[in-house]
1. I'd like the isolated cysteines in the chain, meaning no second cysteine's beta-carbon lies under 4.7 angstrom from theirs.
2. Calculate for the chain the 222 nm mean residue ellipticity that helices alone would give, adding -39,500 (n - 2.57) per DSSP H run of length 4 or more and normalising by residue count, nearest 500 deg cm²/dmol.
3. For the range 68-117, what does the alpha-carbon gyration tensor say about shape, rounded, prolate or oblate, given a ≥ b ≥ c as the root eigenvalues, a/c under 1.5 as rounded, and a/b over b/c as prolate?
4. Can you compute the charge dipole magnitude of the chain about its Cα centre, using +1 on each Lys and Arg Cβ and -1 on each Asp and Glu Cβ, nothing else charged? Give it in debye, rounded to the nearest 20.
5. May I ask you to compute the full-extension gain from D10 to Q41, defined as 0.36 nm times their residue separation minus their alpha-carbon distance, rounded to one decimal in nm?
6. How far is helix 65-81 tilted off the main Cα axis of the chain, in degrees rounded to 10, range 0 to 90?
7. Give the lysines reachable from K15 as a straight Cα distance under 27 Å; neighbours fewer than 8 places away on the same chain don't count.
8. For H104, H53, H45, what's the fewest-to-most ordering of other Cβ within 10 Å of each Cβ?
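Quick note: the coordinates plus some simple rules give every number you see, no bench work behind them. Since this is a predicted model, take the numbers as computed values, not measurements. Cβ placement follows ideal geometry from the backbone for every residue including glycine, while neighbour counts extend to all protein chains displayed.
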Amino acid sequence: MSNVQNYDPDCLFCKIVRGDIPSDKVYEDELCYAFRDIDPQAPTHILVVPKTHIASCGAVTAENAGLVGYIFTVIAQIAAAEGLDKGWRVVSNVGPDGGQSVPHLHFHILGGRCLSGQMG
Ligand code: DGP
């Protein structure tokens, strides 16, 4: 079980990080957790989330920007480890109009097929 700061008992991804809900884990360290999306939109579709509960990119501040920057270093490592050498996409949806369905900051890593021309 992982420690989650700001644990929100109503948050699906807080429960996944804690291990209360099972997931197909790809990567974990003290700050973030990555797992395969349950409804993959590409051959590789991985979600990377901070272990602390942050609602979305809309809640990124000067205080947590370092964590977000660190997560991008992990995203690059995961993309390389997954062999996405022809390219990949990172997406973070914000709010209802942005298509966010789980209000815990997460970054989608999509790859393994050509994604060009699809932005929404
Ligand atoms: P978004 O729509 O941007 O908030 O993305 C949420 C993603 O989370 C969506 O692609 C499906 C995925 N998802 C939802 N529930 C679960 C779950 O229980 N397990 C896993 N692995 N992924 C989930």
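1. C32, C57, C114
2. -6500 deg cm²/dmol
3. The shape class here is oblate.
4. 260
5. 8.6 nm
6. Here the helix axis deviates by roughly 40 degrees.
7. K25, K51
8. Exposure proxy ranking, most exposed first: H45, H53, H104.
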